[in-house]
Amino acid sequence: MKDAARWIAIAALFLVPLLPLYVANDMFFPFITGKGFAFRILVEIAAVAYIVLAIADKKYRPRFSWTLVVFGAFTAWMFIADILAINAHKALWSNLERMDGWITLIHLFLFFVVAGSVLSVGNLWRKWWLTFIGVAAFVCGHGLMQLLCAGQACGASGAVFAIHQSTARLDASLGNATYLAVYLLFAIAVTLWQAFESRGRMRYVLGALALIEIVVLFNTATRGAVIGLIAAALVCAFLWLVRSGKRARGVAAGAVIGLLVLIGGFWLARDASVIRESPVFSRIASISLAEGQTRFTLWRMAGEAIAERPLIGYGQEGFNYVFNEHYRPSLFAQEPWFDRAHNVFVDWLVAGGIPGLLLFVGLLGAGVLALLRAPISRPESIFLTGAIVAYAFQALFVFDNLFSYVPLAAVLAMAHAASARPVRVLERLPEAKGGQAQAIIAPIACVVALLLVFIVNVSNMSAASNLVYAISPLPGGPAENLARFKAALEDEPFATQEIREQLINYSAQVVTQPNIPETLRAEFVTLALAEMGKEIKRAPDDARLYIEMALLYRTIGDYENALAAVRVAERLSPKRQNFLLEHGTILMAAGKYEEARDVYRAAYELDPQFPDLAAYAASGYFLTGEDGKADALLLEHFGTTTVDHPALVRAYYESKRYDDLIRILRFSVERAGSTAAARYRLATAYALAGRYREARMEAQAAMARYPETQAQGQAFLGSLP
């Protein structure tokens, strides 16, 4: 029993470093969900095996260290904060996009405990980290292929090695440039540590790999990670300077001076064409206080919010409540939904209040102190300390993910193991030996492991898979999509909000599609509204849910309920221009033009710097015949009254100002980069104005230029009188 438990725990732990290579294409958010579920399953198996092992052999029982105490206290406190969160369900379970929450934190703590014992007793840490490094080499190989194929014809391999997130920032099999960058910060530190500890050819191989890792990291163009790497290099060089002999101190001093000269030279040359024309170097050179204004705004919002809940915070995944309640109109041009503060320390402050932040900082500090004081080799002490420093600096600008968590937990586990001492109470407990004890413990452990894996993961994995199919084209058409949505929701997985939001959006598309049976449309709408109603009951203060509901109500023409939903969203977040724009659009669709004008104007006046808001305000004036005010706004912000903007197009259409509609759409067609859709929009406008000859000519021109639209063009021509 003991040997079996030991090998099961070891196998599970050694599979964890392989997870960066795993992409679950049949799950929603394939780069995140598959890794997250696999990590949880492996930790659950390892934890059960470890408990059996600790019962059978006292060498594996937990040992005392301050790193363990602080990590345990942090995990316990966050459980309290999450239970008391505004949305406790989401705080505990997170969602598919993030795979975070307390469920991940407790798995990380278990990984820390199991790895700190099993890998230390078996003297397996070096092999574990070499496995980590080997996987990092494959990840870097993927990244280098992305770099080679970016903007080049790579044949069939071009699609395989396409960059997923952007056109230039490498993301490899992690699917996100920032996630790859922080993963490589740990990989670089550990690779250099192992290079210093190795001899002969292995040292040079690892040194070369570290250089490759640095190249790939720079090509992620992740500014926070670059700052973290530089900070860690300076700290490591300083530690080497004060803890080494005279010769080594000279090398360390030279490294510090060289690094400072390199940084200074890059900064002085930041305006050179070779840097400006490089998408990677130009992004790194753009580091400035001005570039950080959005993050600074988010942090100020977090500061205001935590003053209201300083002790327990908002729970994990609670930043969206901060974002809505303390929203700044200056954020209008940014992404519409921020669920993170883009600063790990601020995120923990919001999630766990002041105690949560202090415990997190204390955990990092305990790890560093343990590494610096422990009787371990100088390279191990310095480079693992550098890894924590690099993590801490980059954490000032980004948020965590599974593969910033995992290597950090592993480094902390090493710090714990290096400084731990036996706990006498646990040492005195008897060891379970003999066939009778094994006959009882082994089957219980198997049942517990199976139950854990099933309860925590299976239904949620099924939901993630059903959801990705539910929003994809299927052979059975929308009816099959509906069945997939129902299957995804069947077992009440933790990601109900994501599934219900996708259901709302998909239903809004189905309602507007021709050739779909009315009964099927009604079934989609009925299910979507009922399910979103359940989500609102669980999280009644989440403004996002009401906006999603308002969207579907508007799409089906139920303006009364749409207005009721959007007004709740506005009450929860009164300064969100997007909410006011949705409100105005509903009023316009309902024919309440004067009210729509007032709402659009209110959105614009919250922060008049945005041309997009000026276009909405102008559309409101056009609806009520106040052309002078509309033209003045457009001239002020666009320098012309001929502006191709969806709000203006919609306003001209709603108010039957077809000549103005044609003027804008003709301008759109005449611009470079015109599309088939733009031409057919213009043809439709001609038809609405009764100018059928011009409508036919425009449709024929569209078919001639875009032969693939022949069917659409013929159908349009057939609809004309």
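Test A495 against the criterion of being closer than 30 Å to D339 by Cβ and either open to solvent by 50 Å² or more (accessible area, probe 1.4 Å) or over 23 Å from the mean Cα position of the chain (by Cα) (or both), and give yes or no.
Numbers: closer than 30 Å to D339 by Cβ: yes; either open to solvent by 50 Å² or more (accessible area, probe 1.4 Å) or over 23 Å from the mean Cα position of the chain (by Cα) (or both): no.
It is false that A495 is closer than 30 Å to D339 by Cβ and either open to solvent by 50 Å² or more (accessible area, probe 1.4 Å) or over 23 Å from the mean Cα position of the chain (by Cα) (or both).
Criterion first (in a loop (DSSP other than H, G, I, E, B), in contact (Cβ under 8 Å) with a residue 40 or more places away in the chain and open to solvent by 30 Å² or more (accessible area, probe 1.4 Å)) does D541 satisfy it? Full working, then the answer.
On the way: in a loop (DSSP other than H, G, I, E, B): yes; in contact (Cβ under 8 Å) with a residue 40 or more places away in the chain: yes; open to solvent by 30 Å² or more (accessible area, probe 1.4 Å): yes.
It is true that D541 is in a loop (DSSP other than H, G, I, E, B), in contact (Cβ under 8 Å) with a residue 40 or more places away in the chain and open to solvent by 30 Å² or more (accessible area, probe 1.4 Å).
Tell me which helices (runs of 4 or more DSSP H) are completely within the stretch 261-338 and hold 1 or more residues being farther than 30 Å from L613 by Cα and at pLDDT 95 or above, or say none if there are none. Give the steps one after another, and end with the answer.
Values: elements: 273-276, 279-285, 293-306, 319-325.
Of the helices (runs of 4 or more DSSP H) lying wholly inside the stretch 261-338, those with at least 1 residues that are farther than 30 Å from L613 by Cα and at pLDDT 95 or above span 293-306.
Quick check on my filter: what residues within the stretch 606-643 are closer than 19 Å to L331 by Cβ and either under 32 Å from the mean Cα position of the chain (by Cα) or of a type in the set (S, T, N, Q) (or both)?
Across the stretch 606-643, the qualifying residues are L606, D607, P608, Q609, F610, P611, D612, L613, A614, A615, Y616.
If L358 passes every condition in (1) free of Cβ contacts under 8 Å to residues at least 12 places away in the same chain; (2) closer than 28 Å to G175 by Cβ but one, which one does it miss?
So the condition that L358 fails would be (2).
Could you run through the stretch 74-90 and say how many residues are open to solvent by less than 40 Å² (accessible area, probe 1.4 Å) and within 29 Å of S117 (Cα to Cα)?
First pass over the stretch 74-90, keeping only residues open to solvent by less than 40 Å² (accessible area, probe 1.4 Å): 74-75, 78, 81-82, 85, 87-88, 90.
When the remaining residues are screened for being within 29 Å of S117 (Cα to Cα), the result is 74-75, 78, 81-82.
Residues meeting the conditions: 5.
Report the residue count in the stretch 678-713 for those that are open to solvent by 70 Å² or more (accessible area, probe 1.4 Å), farther than 16 Å from D659 by Cα and either in contact with a Ser or Thr (Cβ under 8 Å, 6 or more places away or on another chain) or not basic (K, R) (or both).
8
May I ask you to say which residue of F14, F28 is aromatic (F, W, Y) and in contact with a Phe, Trp or Tyr (Cβ under 7 Å, 6 or more places away or on another chain)? Even if it seems obvious, please write down each step before you answer.
Numbers: F28 fails: in contact with a Phe, Trp or Tyr (Cβ under 7 Å, 6 or more places away or on another chain).
One residue alone meets the criteria, F14.
Please verify whether the stretch 601-613 includes one or more residues that are under 24 Å from V566 (Cβ atoms), small (G, A, S) and in a helix (DSSP H, G or I).
There is at least one residue in the stretch 601-613 that is under 24 Å from V566 (Cβ atoms), small (G, A, S) and in a helix (DSSP H, G or I).
What are the residues in the stretch 147-177 that are within 22 Å of L209 (Cα to Cα), outside any loop (DSSP other than H, G, I, E, B) and either open to solvent by 20 Å² or more (accessible area, probe 1.4 Å) or modelled with pLDDT under 90 (or both), if any?
Matches in the stretch 147-177: L147, L148, C149.
Mind listing whichever residues of the stretch 339-361 are on the phi < 0 side of the Ramachandran plot and part of a loop (DSSP other than H, G, I, E, B)? Explain how you work it out, then say what you get.
Step one: filter the stretch 339-361 for residues on the phi < 0 side of the Ramachandran plot, giving 339-341, 343-352, 354-361.
Scanning the stretch 339-361 gives D339, R340, A341, N343.
Within the stretch 476-493, can you find the residues that are over 15 Å from T526 (Cα atoms) and either at pLDDT below 95 or of a type in the set (D, E, K, R) (or both)?
Answer for the stretch 476-493, where residues must be over 15 Å from T526 (Cα atoms) and either at pLDDT below 95 or of a type in the set (D, E, K, R) (or both): G476, G477, E480, R484, E490, D491, E492, P493.
Any chance you could count how many residues in the stretch 628-654 are of a type outside the set (S, T, N, Q) and under 20 Å from A689 (Cα atoms)?
Of all residues in the stretch 628-654, those of a type outside the set (S, T, N, Q) come to 628-639, 643-654.
Going one step further and asking which of them are under 20 Å from A689 (Cα atoms), we end up with 643-654.
Going through the stretch 628-654 one residue at a time, the tally reaches 12.
Go through the stretch 344-362 and report how many residues are open to solvent by 10 Å² or more (accessible area, probe 1.4 Å) and touching a Leu at 6+ places or on another chain (Cβ under 8 Å).
7
Go over the candidates T512, T526 one by one and state the one that is surrounded by fewer than 16 Cβ atoms within 10 Å (Cβ to Cβ), at pLDDT below 95 and either within 23 Å of A333 (Cα to Cα) or among the β-branched types (V, I, T) (or both). Steps first, please.
Details: T526 fails: at pLDDT below 95.
None of the other options fit; the residue is T512.
List the residue pairs whose Cβ atoms are under 8 Å apart, where the first residue sits in the stretch 602-625 and is on the phi < 0 side of the Ramachandran plot, the second is acidic (D, E) and open to solvent by less than 30 Å² (accessible area, probe 1.4 Å), and the two are 6 or more positions apart or on different chains.
L613/D607
Considering only residues that are under 30 Å from the mean Cα position of the chain (by Cα) and closer than 19 Å to A442 by Cα, which ones fall in the stretch 37-74?
I41, L42, V43, E44, I45, A46, A47 - these are the residues of the stretch 37-74 that are under 30 Å from the mean Cα position of the chain (by Cα) and closer than 19 Å to A442 by Cα.
Considering only residues that are open to solvent by less than 30 Å² (accessible area, probe 1.4 Å) and at pLDDT 95 or above, which ones fall in the stretch 51-69? Explain how you work it out, then say what you get.
Looking only at the stretch 51-69, we keep the residues that are open to solvent by less than 30 Å² (accessible area, probe 1.4 Å), and these are 52-54, 56-57, 60-61, 65, 67.
Answer for the stretch 51-69, where residues must be open to solvent by less than 30 Å² (accessible area, probe 1.4 Å) and at pLDDT 95 or above: S65, T67.
Which pairs do you get when a residue that is over 21 Å from N401 (Cα atoms) and in contact (Cβ under 8 Å) with a residue 60 or more places away in the chain, found in the stretch 40-60, comes within reach of a residue that is surrounded by 22 or more Cβ atoms within 10 Å (Cβ to Cβ) and aromatic (F, W, Y), reach meaning Cβ atoms under 6 angstrom, with the pair 6+ apart or on two chains?
What qualifies is L53/Y60; A54/Y60.
I'm checking my understanding of the structure. Among residues of the stretch 596-605 that are open to solvent by 10 Å² or more (accessible area, probe 1.4 Å) and more than 17 Å from A550 (Cα to Cα), which one is nearest to the chain's Cα centre (by Cα)?
In the first step, residues of the stretch 596-605 are kept if they are open to solvent by 10 Å² or more (accessible area, probe 1.4 Å); the result is 597-599, 601-602, 604-605.
From what is left, the residues that are more than 17 Å from A550 (Cα to Cα) are 597-598, 601-602, 604-605.
Values: R597: 36, D598: 36, R601: 34, A602: 32, Y604: 30, E605: 32 Å.
In this case the residue turns out to be Y604.
Look at the stretch 180-203 and say how many of its residues are more than 21 Å from L234 (Cβ to Cβ), open to solvent by 10 Å² or more (accessible area, probe 1.4 Å) and touching a Leu at 6+ places or on another chain (Cβ under 8 Å).
0
Quick one: in the stretch 490-529, of everything that is in contact (Cβ under 8 Å) with a residue 24 or more places away in the chain, of a type in the set (D, E, K, R) and part of a helix (DSSP H, G or I), which residue is farthest from A715 (Cα to Cα)?
E498
Any residue in the stretch 388-403 that is among the acidic types (D, E), touching a residue at least 60 places away in the same chain (Cβ under 8 Å) and open to solvent by less than 50 Å² (accessible area, probe 1.4 Å)? Give the derivation first.
Here is the first cut: in the stretch 388-403, the ones among the acidic types (D, E) are 400.
Filter once more, so that each one left must be touching a residue at least 60 places away in the same chain (Cβ under 8 Å): 400.
Checking which are open to solvent by less than 50 Å² (accessible area, probe 1.4 Å) leaves us with 400.
Scanning the stretch 388-403, I find at least one residue that is among the acidic types (D, E), touching a residue at least 60 places away in the same chain (Cβ under 8 Å) and open to solvent by less than 50 Å² (accessible area, probe 1.4 Å), so the answer is yes.
Identify, by number, the condition in (1) within 25 Å of A177 (Cβ to Cβ); (2) aromatic (F, W, Y); (3) open to solvent by less than 10 Å² (accessible area, probe 1.4 Å) that W128 doesn't meet.
Only one criterion in (1) within 25 Å of A177 (Cβ to Cβ); (2) aromatic (F, W, Y); (3) open to solvent by less than 10 Å² (accessible area, probe 1.4 Å) is unmet by W128, namely (1).
Outside any loop (DSSP other than H, G, I, E, B), free of Cβ contacts under 8 Å to residues at least 60 places away in the same chain and within 22 Å of I103 (Cβ to Cβ): is that true of V406 in this structure?
Working: outside any loop (DSSP other than H, G, I, E, B): yes; free of Cβ contacts under 8 Å to residues at least 60 places away in the same chain: no; within 22 Å of I103 (Cβ to Cβ): yes.
Here the answer is no, as V406 does not meet what is asked.
Sort through G584, G591, G628 and tell me the only one that's open to solvent by 30 Å² or more (accessible area, probe 1.4 Å) and part of a helix (DSSP H, G or I). Talk me through it step by step, then tell me what you get.
Working: G584 fails: open to solvent by 30 Å² or more (accessible area, probe 1.4 Å); G591 fails: part of a helix (DSSP H, G or I).
Only one candidate passes the filter, namely G628.
So which residues in the stretch 636-667 are hydroxyl-bearing (S, T, Y) and surrounded by 19 or more Cβ atoms within 10 Å (Cβ to Cβ), if there are any at all?
Within the stretch 636-667, Y652 is the sole residue that qualifies.
Looking only at helices (runs of 4 or more DSSP H) that fall completely inside the stretch 56-146, which ones have 2 or more residues that are touching an Asp or Glu at 6+ places or on another chain (Cβ under 6 Å) and over 26 Å from I10 (Cα atoms)?
The qualifying helices (runs of 4 or more DSSP H) are 88-93.
With respect to T684, determine if the residue is in contact (Cβ under 8 Å) with a residue 12 or more places away in the chain, part of a helix (DSSP H, G or I) and within 23 Å of A589 (Cα to Cα).
Numbers: in contact (Cβ under 8 Å) with a residue 12 or more places away in the chain: yes; part of a helix (DSSP H, G or I): yes; within 23 Å of A589 (Cα to Cα): yes.
Answer is yes for this residue.
The values are calculated or read from the model by the stated rules, or taken from the named source; none is laboratory data. Remember, it's a predicted structure, so these values are computed and weren't measured experimentally. In this analysis, Cβ positions are derived from the backbone assuming ideal geometry, glycine residues included, and neighbour counts consider all displayed protein chains. What goes into the accessible areas is simple: the full protein's heavy atoms, side chains included, and nothing from ligands, DNA or RNA. Shrake-Rupley method; radii C 1.70, N 1.55, O 1.52, S 1.80 Å.
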